[in-house]
Amino acid sequence: MSKAEDKAARTETRSTWLLSAPALVLLLFAASGPLIIMLVYSFLTPGKYGNVIWEFSPDAWIGTILSRDIFDGTYSLADAHLTIFWRSVQLSLLTTLFTFLVGFPTAWFIATRTARTRALLLFLITIPFWTNLLIRTIAINQIIRNEGLLNTALLSLGVIDEPLVIIYTNVAVFIGMTYVYLPLMVLPLFAAIDRFDMRLLEAAYDLYASRWQVLRRVILPIVKPGVIAGSILVFIPALGAYVTPRILGGGRNMMIGNFIELQFGQGRNWPLGAALSVLLLVIVTVALMFYVRAATRSDSNG
Amino acid sequence: MVYAIEARSTRKVYGSGSFAVTALDNVSIAIRKGEFFTLLGPSGCGKTTLLRMIAGFETPTSGQILLNGQDISTQPPNQRPINTVFQSYALFPHLSVRENVGFGLKMKGRPDAQIAGTVERVLSLVKLEAMADRKPQQLSGGQQQRVALARALAPEPEVLLLDEPLSALDLKLRKEMQVELKRLQLELGITFIFVTHDQEEALTMSDRIGVMSAGHLLQVGPPREIYNRPVNRFVADFIGETNFIPATIAGGVATVAGGARLAVATDAPTGDHTIAVRPEHVRIGAEGDGALPATVGESVYFGTDSHVHLTLADGTAIVARQQSDATGAGVLAEGSRVGVSFADGSVQVLED
Ligand SMILES: Nc1ncnc2c1ncn2[C@@H]1O[C@H](COP(=O)(O)OP(=O)(O)OP(=O)(O)O)[C@@H](O)[C@H]1O
Ligand SMILES: [Mg+2]
């Protein structure tokens, strides 16, 4: 490399850094700042009326998975916490899977329309984002509650004799989350399918592939980046979901998000809340690493 | 005789109502087993449409497509023992060259060991063994082309369809691939149906050529016949260069303006017609002695030969192709008067 080129490269590197400086500063304070506060708080002692006392204590971390017997001081697994974790993971995975199953045909349909129809459909997909999440969730509540739209309709049609109990169950949370996160799956899938060369379908079909094989061997591997992006965009917020389980799951069907909120509210145990938040972050990060690695590996050996 | 592929009064209309486009109009064609058959015609004449119907991507609006004498008009592509080399190659970007080539066999459910063996053999056939583990994006255009060919050959189809497979290649590579394709076809004995709008490509490679225009099949025959005995003005004009001269034909003699009389086939249609003569069959000599009087115009030098532009007595412009000599002594001066004659049997009477 000549001197001039070298200098040009260095100037470019410098201006790139300078240009991204505002974003980097913002990220540093807005993202890592709160994170560090959380990490510090998780090692402190809870104050009597919330807040923290600046005294080191590992109790919050122990308390995330173990519970201490108030009488004899022995530790046992905190079943209630584990149930909440498990429910959160289960519901989030199920939501991710289901948004994919519904979102894929939808995205395919949109991507194969003419330019005008496509723009209209994409616009329709984004309409829910215009309304507050709370209002949308309450609307779902209105539909599926015992005296809601769905039950009234089914009862009056004589399909059922007594109302279906959906509200305040895991099913209700699942329905709500699928509805809320579906666009986040459809949009990246659409972007990937839009780039897919439809001529490959004919090539595969010409080479004796059945419809299922075309999907499995050609379409899915090629649109995989969209599938990965969509899954991440759905799974992460679903795992931390707060509003939906609160309104549709009632008090008993908590997810991690509600449980964390509880610690900062009525529970008055900020360190435990902080420890749970950090734990959630770690779970998500590890899960993502495994997922992305597994997804890219299966790509390289066909 | 059972043909490899037959089209019987095949019509294809795209769209309907006022948007209807007749891409193929009553095309009947019979292609023999092991033949290198070329469909030749200008852009939009329906070559791809015919090929896609043979492959199974389109169903005929009416008429039939037969494979080995059996009607396959409604069979889907994945059930036809016919493979296509696509103009855009359409290689699978997520698969290596080896996996691309093995794709068809894998979909047919062949055991892995057999697939590996066949893929190896086909890759060596197209001289791509060294690239087997690359992805298509890491190959040059010519190499991708050969992968597409190998991929279509690996499942050992009965008929191979090639839609302008060489059009994206530069001239030198195209010539190489032409030779290679022809060699492969002779070696494998597979029926090739090749689409091109390059007449030279068609003439050098084909056993037979079908010339198409605007959804019609105009003439089918071996290259020599197509070139020397074109049935009409379109074919004569599309294949090679041709001089068209108005003439009156009677009893195997064509009389052209100026009174010169030329021998033509005795079964040629009589009346006022156009006769066609290739530039290389035009002889330039001295005036008189039954030759057509002409005036020499511009001469264009092409290396191995020159094109001499001439004007006949009635104003008809014709071109003669003359072999170049080393000294340039034979160059005719512009404006000089000469006599033109045509090589024996070179004058064709066109019906329209
Ligand atoms: N899917 C389609 N819908 C409507 N019209 C079509 C369609 N496909 C082809 N056509 C029309 O049918 C005619 C024949 O098209 P075709 O693609 O067979 O031509 P071609 O001979 O292969 O031309 P080229 O040499 O340019 O590839 C054209 O007029 C084209 O516009
Ligand atoms: Mg075409």
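Structure data summary
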quantity: Any hit, segment B:6-14, residues being in contact (Cβ under 8 Å) with a residue 40 or more places away in the chain, polar (S, T, N, Q), within 16 Å of ligand 2 (Cβ to nearest atom) and open to solvent by 30 Å² or more (accessible area, probe 1.4 Å); calculated: no
quantity: Scan of segment B:23-36 for residues that are more than 16 Å from ligand 2 (Cβ to nearest atom) and either touching a residue at least 40 places away in the same chain (Cβ under 8 Å) or not assigned by TED's automatic domain parsing to the domain that holds B:Gln64 (or both), ordered by number; calculated: B:Asp25, B:Asn26, B:Ser28, B:Ile29, B:Ile31, B:Arg32, B:Lys33, B:Gly34, B:Glu35, B:Phe36
quantity: Segment B:45-69 residues that are in contact (Cβ under 8 Å) with a residue 12 or more places away in the chain and assigned by TED's automatic domain parsing to the domain that holds B:Asp25, paired with ones that are within 12 Å of ligand 1 (Cβ to nearest atom) and small (Gly, Ala, Ser) (beta carbon under 8 Å, 6 or more apart); calculated: B:Cys45/B:Ser213; B:Cys45/B:Ala214; B:Cys45/B:Gly215; B:Gly46/B:Ala23; B:Gly46/B:Ala214; B:Gly46/B:Gly215; B:Lys47/B:Gly41; B:Thr49/B:Ala23
quantity: Candidate set: segment A:37-70, residues that are part of a loop (DSSP other than H, G, I, E, B) and small (Gly, Ala, Ser); chosen: the one farthest from A:Gln263 (Cα to Cα); calculated: A:Ser57
quantity: Scan of segment B:194-218 for residues that are assigned to a strand (DSSP E or B) and either more than 16 Å from ligand 1 (Cβ to nearest atom) or within 14 Å of another protein chain (Cβ to nearest Cβ) (or both), ordered by number; calculated: B:Arg208
quantity: In segment B:285-309, residue farthest from B:Val331 (Cα to Cα) [restricted to those that are β-branched (Val, Ile, Thr) and modelled with pLDDT of 85 or more]; calculated: B:Thr295
quantity: Identity of the residue in segment B:329-347, at pLDDT 80 or above and either outside the structural domain of B:Leu310 (by TED's automatic domain parsing) or part of a loop (DSSP other than H, G, I, E, B) (or both), that ends up nearest to B:Val300 (Cα to Cα); calculated: B:Glu334
quantity: Unmet criterion (only one of (1) surrounded by 13 or more Cβ atoms within 10 Å (Cβ to Cβ); (2) hydroxyl-bearing (Ser, Thr, Tyr); (3) at pLDDT below 95) for A:Thr106; calculated: (3)
quantity: Condition met for A:Ile236 (under 17 Å from A:Val180 (Cβ atoms), at pLDDT 90 or above, out of contact with any strand residue (DSSP E or B) (no Cβ under 7 Å at 6 or more places or on another chain) and not charged (D, E, K, R)); calculated: yes
quantity: Cross-chain or 6+ apart pairs with Cβ under 6 Å, segment B:160-180 first and more than 12 Å from B:Thr204 (Cβ to Cβ), then open to solvent by 50 Å² or more (accessible area, probe 1.4 Å) and more than 16 Å from ligand 2 (Cβ to nearest atom); calculated: none
quantity: Some residue of segment B:89-98 being assigned by TED's automatic domain parsing to the domain that holds B:Arg146, modelled with pLDDT of 90 or more, under 25 Å from the mean Cα position of the chain (by Cα) and not aromatic (Phe, Trp, Tyr); calculated: yes
quantity: Identity of the residue in segment B:15-29, open to solvent by 50 Å² or more (accessible area, probe 1.4 Å) and within 6 Å of ligand 1 (Cβ to nearest atom), that ends up farthest from the other protein chains (Cβ to nearest Cβ); calculated: B:Val21
quantity: Candidate set: segment B:30-61, residues that are within 14 Å of another protein chain (Cβ to nearest Cβ) and hydrophobic (A, V, I, L, M, F, W, C); chosen: the one nearest to ligand 1 (Cβ to nearest atom); calculated: B:Leu51
quantity: In segment A:240-264, residue farthest from A:Val282 (Cα to Cα) [restricted to those that are aliphatic (A, V, I, L, M) and surrounded by fewer than 23 Cβ atoms within 10 Å (Cβ to Cβ)]; calculated: A:Ile247
quantity: Residue under evaluation B:Gln75, criteria (1) more than 16 Å from ligand 2 (Cβ to nearest atom); (2) crowded, with 17+ Cβ neighbours inside 10 Å; (3) closer than 24 Å to B:Gly15 by Cα, criterion not met; calculated: (2)
quantity: Filter result for B:Leu105 (aliphatic (A, V, I, L, M) and either more than 14 Å from chain A (Cβ to nearest Cβ) or within 24 Å of the chain's Cα centre (by Cα) (or both)); calculated: no
quantity: Of residues in segment B:129-169 being among the acidic types (Asp, Glu) and over 23 Å from the mean Cα position of the chain (by Cα), the one nearest to ligand 1 (Cβ to nearest atom); calculated: B:Glu156
quantity: Residue selected from segment A:265-287 under the condition in a helix (DSSP H, G or I) and polar (S, T, N, Q), by the criterion surrounded by the most Cβ atoms within 10 Å (Cβ to Cβ); calculated: A:Ser277
quantity: Restricting segment B:88-102 to residues that are in contact with a Pro (Cβ under 7 Å, 6 or more places away or on another chain) and at the interface with chain A (Cβ under 7 Å from one of its Cβ atoms), the residue that is surrounded by the fewest Cβ atoms within 10 Å (Cβ to Cβ); calculated: B:Pro93
quantity: Qualifying residue in segment A:218-234 (condition: away from chain B (no Cβ under 14 Å) and more than 15 Å from the chain's Cα centre (by Cα)); calculated: no
quantity: Conditions (1) surrounded by fewer than 18 Cβ atoms within 10 Å (Cβ to Cβ); (2) farther than 18 Å from A:Val89 by Cα: number failed by A:Ala209; calculated: (1)
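The values are calculated or read from the model by the stated rules, or taken from the named source; none is laboratory data. All values derive from a computational prediction rather than experimental measurement. All Cβ positions, glycine included, derive from the backbone under ideal geometry; neighbour counts span all protein chains shown. Remember, those area values only see protein heavy atoms, side chains included, never the ligands or the DNA or RNA. Shrake-Rupley method; radii C 1.70, N 1.55, O 1.52, S 1.80 Å.
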